[in-house]
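Colleague: Below you'll find the structure I mean.
The values are calculated or read from the model by the stated rules, or taken from the named source; none is laboratory data. Computed from a predicted model, the values in this text were never measured in an experiment. Positions of Cβ are generated from backbone atoms using ideal geometry, with glycine treated the same way; all protein chains shown enter the neighbour counts. Please note that ligands, DNA and RNA were not included when accessible areas were found on the heavy atoms of the full protein model with its side chains. Shrake-Rupley method; radii C 1.70, N 1.55, O 1.52, S 1.80 Å.
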Amino acid sequence: MTVGNQKLNIYGASGHAKVIIDIIKSIKNKTIGYIFDDNENLIELLGWQIKRSANTKLLIKHSTIIAIGNNKIRKEIVENKQVQVAEAISHISAIISKLTSIGKGTVIMPNAVINADATIGTHCIINTAAVVEHDVVIENYVHISPNATVTGGVKIGEGTHVGAGVVILPNLTIGKWVTIGAGAVVTKNVPDYSTVIGNPAKPLQK
């Protein structure tokens with residue numbers, strides 16, 4: 001997953017991008033190409049000059065990692081911008097079983113753990129010290145936040161955000177575009193487009 005000698009573009013110049021910079025610097029034979037963000041107020045990030053996506057020659061010159069934590073915006077950029085999607089990248093401290101499948105554009109943050117026979121889709125974020133156990137299936141554009149634990153056999157639908165410190169119990173199905181609040185303990189299946197919070201996790205009352 002991290003083999004090769006290439007430059008990688010970063011799309012997004014927020015705090016999330018700072019972690020992506022650190023990850024790329026931790027990988028042998030990979031360096032940073034250009035950093036892009038369309039916020040005109042952003043000029044540089046950690047010493048790198050920020051480019052605009054209208055500069056398509058630079059945007060397509062190298063493969064790109066989308067460094068934006070918001071799942072919906074990340075998907076919109078992938079679908080609407082002219083980018084070459086990079087292979088998945090992982091920090092050198094992450095522990096990843098060789099018996100996994102991880103899609104393009106996915107980022108594995110420091111000290112994350114991904115165990116055997118997990119399947120992770122494209123453009124996902126497995127954040128700092130998150131645990132993805134055996135036989136888990138995570139669809140595209142999912143964000144697993146820091147210190148969250150996804151136990152064995154869980155299925156998570158597209159675009160779902162799993163908050164910091166969440167625990168999802170074994171063999172549950174979490175729908176697409178679900179939000180699970182920080183610290184929640186999920187004990188039951190969660191339908192599409194739901195927001196759940198608490199221990200045990202329950203639907204957020206409007």
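Colleague: Exactly one condition in (1) in a strand (DSSP E or B); (2) touching a Phe, Trp or Tyr at 6+ places or on another chain (Cβ under 6 Å) is not met by LEU58; state its number.
Modeller: The one condition LEU58 does not meet is (1).
Colleague: Also, quick follow-up: Within segment 139-161, can you find the residues that are open to solvent by less than 40 Å² (accessible area, probe 1.4 Å), in a strand (DSSP E or B) and either more than 21 Å from SER93 (Cα to Cα) or small (Gly, Ala, Ser) (or both)?
Modeller: The answer is ILE156, and nothing else.
Colleague: Could I ask something else about it? Only one of these is without any contact (Cβ under 8 Å) to a residue 60 or more places away in the chain, surrounded by fewer than 14 Cβ atoms within 10 Å (Cβ to Cβ) and within 15 Å of VAL107 (Cα to Cα): LYS57, LYS25, LYS30. Name it.
Modeller: Working: LYS57 fails: within 15 Å of VAL107 (Cα to Cα); LYS30 fails: surrounded by fewer than 14 Cβ atoms within 10 Å (Cβ to Cβ).
From the options LYS57, LYS25, LYS30, the qualifying one is LYS25.
Colleague: Taking into account only those residues within segment 60-93 that are of a type in the set (S, T, N, Q) and touching a Ser or Thr at 6+ places or on another chain (Cβ under 9 Å), which is surrounded by the fewest Cβ atoms within 10 Å (Cβ to Cβ)? Outline the logic, then answer.
Modeller: Pass one, segment 60-93, residues of a type in the set (S, T, N, Q): 63-64, 70-71, 80, 82, 84, 90, 93.
Restricting the remaining residues to those that are touching a Ser or Thr at 6+ places or on another chain (Cβ under 9 Å) gives 71, 82, 84, 90, 93.
Values: ASN71: 21, GLN82: 9, GLN84: 12, SER90: 22, SER93: 14.
The qualifying residue surrounded by the fewest Cβ atoms within 10 Å (Cβ to Cβ) is GLN82.
Colleague: Does VAL136 satisfy the condition of being touching a helix residue (DSSP H, G or I) at 6+ places or on another chain (Cβ under 9 Å), within 18 Å of ILE102 (Cβ to Cβ) and open to solvent by less than 10 Å² (accessible area, probe 1.4 Å)?
Modeller: Numbers: touching a helix residue (DSSP H, G or I) at 6+ places or on another chain (Cβ under 9 Å): no; within 18 Å of ILE102 (Cβ to Cβ): yes; open to solvent by less than 10 Å² (accessible area, probe 1.4 Å): yes.
Considered against the rule, which asks whether it is touching a helix residue (DSSP H, G or I) at 6+ places or on another chain (Cβ under 9 Å), within 18 Å of ILE102 (Cβ to Cβ) and open to solvent by less than 10 Å² (accessible area, probe 1.4 Å), VAL136 comes out as no.
Colleague: So in segment 65-74, with the set limited to residues that are in a helix (DSSP H, G or I) and touching a strand residue (DSSP E or B) at 6+ places or on another chain (Cβ under 9 Å), which one is nearest to ILE126 (Cα to Cα)?
Modeller: Initially, segment 65-74 is screened for residues in a helix (DSSP H, G or I), giving 71-74.
Next, from what is left, pick out any that are touching a strand residue (DSSP E or B) at 6+ places or on another chain (Cβ under 9 Å): 71, 73-74.
Details: ASN71: 12, ILE73: 17, ARG74: 14 Å.
Ranking the qualifying residues of segment 65-74, first place goes to ASN71.
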